[in-house]
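The values are calculated or read from the model by the stated rules, or taken from the named source; none is laboratory data. Just so it is clear, the model here is predicted, and its values are computed rather than measured. Quick reminder, even Gly has a Cβ in these numbers, built from the backbone with ideal geometry, and neighbours come from all protein chains shown. Ligands, DNA and RNA are stripped out before the accessible areas are found, and what is left, the full protein with its side chains, is counted by its heavy atoms. Shrake-Rupley method; radii C 1.70, N 1.55, O 1.52, S 1.80 Å.
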Amino acid sequence: MKIIIDNIIFSLQKGGGVSVVWKEIILRILKSDFSIFFVEYKGAEKNIFRKMIDIDNEKIIKKSSFLLFIKRYFNLHSKEKFPFIFHSSYYRYSKDKQAINITTVHDFTYEYYYRGFQKWLHCRQKYAAIKNSDCIICVSQSTKNDLLKFLPKTDPAKIHVIYNGVSDEYYDISKEEADESVSIYGNYALFVGFRSGYKNFENAVLSVKNTNLNLVIVGGELTKNEKAFLEKELGENRFFALTRIPSSELNKLYAGAYCLLYLSLYEGFGIPVLEAQKSGCPIITLNASSVVEIIGNQQLVVKKNTVDEIVEKINLLKNSQLRHHIIEAGFQNAKKYTWDNMYRQVSKLYENIILENRKNEN
C-alpha cells in the first residue's frame, strides 16, 4: 500500500517543534520498506530541518507554492485508484475515497490562548482533519484529553497516544567541558523557547530577580519591551540573550545551568524538558498540562504559579544531595523518550492499517 506524506509544515515554518517531529519521522521512514511518496511545496528547502533530509526527487510530488497562504487550508485530491495512507504534517486530509487519513495532533494552544479570526481559521482546519481521520495520533495523554474535551464526539478508539522523543545530540557532558563555554554567564538559570504570554516569561524573570542567579535566555531576539523589562528587573548585567545557537551549544548551556525554568502554562508535549534532563539539568516547571505527565520526578513541580513558590523550588536545589538525586532521576526518565521508539509506534500503526486493508480485500 502506498503511503503519502504531506510535508507542508516545511513550507509553513523555517524551524519549530512540529518540523522537528516531522524530520525525525521522515529520517526513519526513508529507511523502511514502505512505498513512500511526499507532497511538498516550493520553499520547503528553506526549512532548517528539511535541509537535514535527503529525499529522492522521484519520491516527491511537487506543488506550486503560489498562494500557499491560502492553499495551506485546502485538503488534497490525489486521485489514487487503490487504498493508500495519507499522513499530513499539519492538519490536512485527503478527500480521495481511497484515502485512509491519519492526523497528528500536537496541542490545543489556539483553543486556550488565541482569539478572533486566526483562532477560528486554525480550529476549523484542525477539527475538519480530526473528524475526517481514520486514525489520530496525540503526542501526550494530556493532548488526548484536550481533544476529547473540545471534540467530545470523537471515537476514543481512533486515538493513539504516541510520545515524542528527544535528540541524541543532548547528553551528559562533563562540567569542565560545559564550563569552558558557559562560565561567562556566571551562576545562571536558563529559559528556552518562545516567550509569549502563556509561556510565563515574566514570572521567570521576577523569580530570578529574587535569587543570586543570572538569567540566560535562548530563543528569538528580544523585543524592545522585553529588553526594557529585563533591564528594569535584573539590570543590564544579569541577563544574556542568545539566538540561533546549535544543539551542541544548547547542550552545554543545559549542562552548566543551575536549573531550567520551564514555567509554561500549557504544552502539548514539552521537548525542552527532556533535552534538559538528558543534559543533566534540573527543571522547575508548573503543575500544568503534559509537562507533569512526562517529567517524572515531581519534587520541583510548582503547584501555584507564584514567584514565591518558584523561588522556593529554586532554593531547594542548593541541597547538593537533592540536586544529584533529581539529575539522576532525569537521566533515567529521558531514556523512555526516544525518536526510535516514537517511530516504531507510528510504523506499527501504518502496518496495522495495511494488514487490515488486506483482510478486507480478501
Point to revise | Pick from segment 287-337, criterion part of a helix (DSSP H, G or I) and of a type in the set (S, T, Y), ranking: most open to solvent (accessible area, probe 1.4 Å) | key: S320
Practice item. Inspect all residues belonging to segment 131-153 and state whether any of them is more than 27 Å from L215 (Cβ to Cβ), under 22 Å from the mean Cα position of the chain (by Cα) and modelled with pLDDT under 95. Key: no
Review point. Which condition breaks for H87 when tested against (1) surrounded by fewer than 22 Cβ atoms within 10 Å (Cβ to Cβ); (2) touching a residue at least 24 places away in the same chain (Cβ under 8 Å)?
Key: (1)
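Are any residues in segment 103-123 within 23 Å of P156 (Cβ to Cβ) and either in a helix (DSSP H, G or I) or touching a helix residue (DSSP H, G or I) at 6+ places or on another chain (Cβ under 7 Å) (or both), and if so, which ones? It would help to see each step written out before you state the result.
So in segment 103-123, the residues within 23 Å of P156 (Cβ to Cβ) come out as 103-112, 123.
If the condition is that a residue be within 23 Å of P156 (Cβ to Cβ) and either in a helix (DSSP H, G or I) or touching a helix residue (DSSP H, G or I) at 6+ places or on another chain (Cβ under 7 Å) (or both), then T103, V105, H106, D107, F108, T109, Y110, E111, Y112, C123 are the ones that fit.
Taking the stated definitions as given, is E45 part of a helix (DSSP H, G or I) and open to solvent by 40 Å² or more (accessible area, probe 1.4 Å)? Spell out the reasoning first.
Details: part of a helix (DSSP H, G or I): yes; open to solvent by 40 Å² or more (accessible area, probe 1.4 Å): yes.
When the stated conditions are applied, E45 passes them.
For segment 133-155, name all the residues that are more than 23 Å from K335 (Cα to Cα) and open to solvent by less than 70 Å² (accessible area, probe 1.4 Å). So that I can check it myself, show each step before the final result.
Here is the first cut: in segment 133-155, the residues more than 23 Å from K335 (Cα to Cα) are 133-136, 145-155.
Within segment 133-155, S133, C135, I136, D146, L147, L148, F150, L151, T154 qualify.
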Exercise for review: Considering only segment 124-242, give the strands (runs of 3 or more DSSP E) lying wholly within it that have at least 1 residues that are in contact (Cβ under 8 Å) with a residue 60 or more places away in the chain and of a type outside the set (K, R).
Suggested key: 135-138, 159-161, 188-192
Review point. Right, N225: at negative phi, out of contact with any helix residue (DSSP H, G or I) (no Cβ under 9 Å at 6 or more places or on another chain) and of a type outside the set (K, R) or not?
Key: yes
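Just a yes or no: is a residue in segment 114-121 open to solvent by less than 70 Å² (accessible area, probe 1.4 Å) and hydrophobic (A, V, I, L, M, F, W, C)?
Step one: filter segment 114-121 for residues open to solvent by less than 70 Å² (accessible area, probe 1.4 Å), giving 116, 119, 121.
Checking the rest, the ones that are also hydrophobic (A, V, I, L, M, F, W, C) come to 121.
For segment 114-121, residues open to solvent by less than 70 Å² (accessible area, probe 1.4 Å) and hydrophobic (A, V, I, L, M, F, W, C): present.
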Check your understanding: Within segment 255-269, restricting attention to residues that are open to solvent by less than 20 Å² (accessible area, probe 1.4 Å) and touching a Cys at 6+ places or on another chain (Cβ under 9 Å), which residue is nearest to T285 (Cα to Cα)?
Key -> L260
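Out of G296, G280, G268, G256, I need the residue that is without any contact (Cβ under 8 Å) to a residue 60 or more places away in the chain and out of contact with any strand residue (DSSP E or B) (no Cβ under 7 Å at 6 or more places or on another chain). Which one?
Numbers: G280 fails: without any contact (Cβ under 8 Å) to a residue 60 or more places away in the chain; G268 fails: without any contact (Cβ under 8 Å) to a residue 60 or more places away in the chain; G256 fails: without any contact (Cβ under 8 Å) to a residue 60 or more places away in the chain.
From the options G296, G280, G268, G256, the qualifying one is G296.
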Revision key, fill the gap. Restricting segment 294-327 to residues that are touching a Gly at 6+ places or on another chain (Cβ under 9 Å) and not β-branched (V, I, T), the one farthest from H106 (Cα to Cα) turns out to be N297
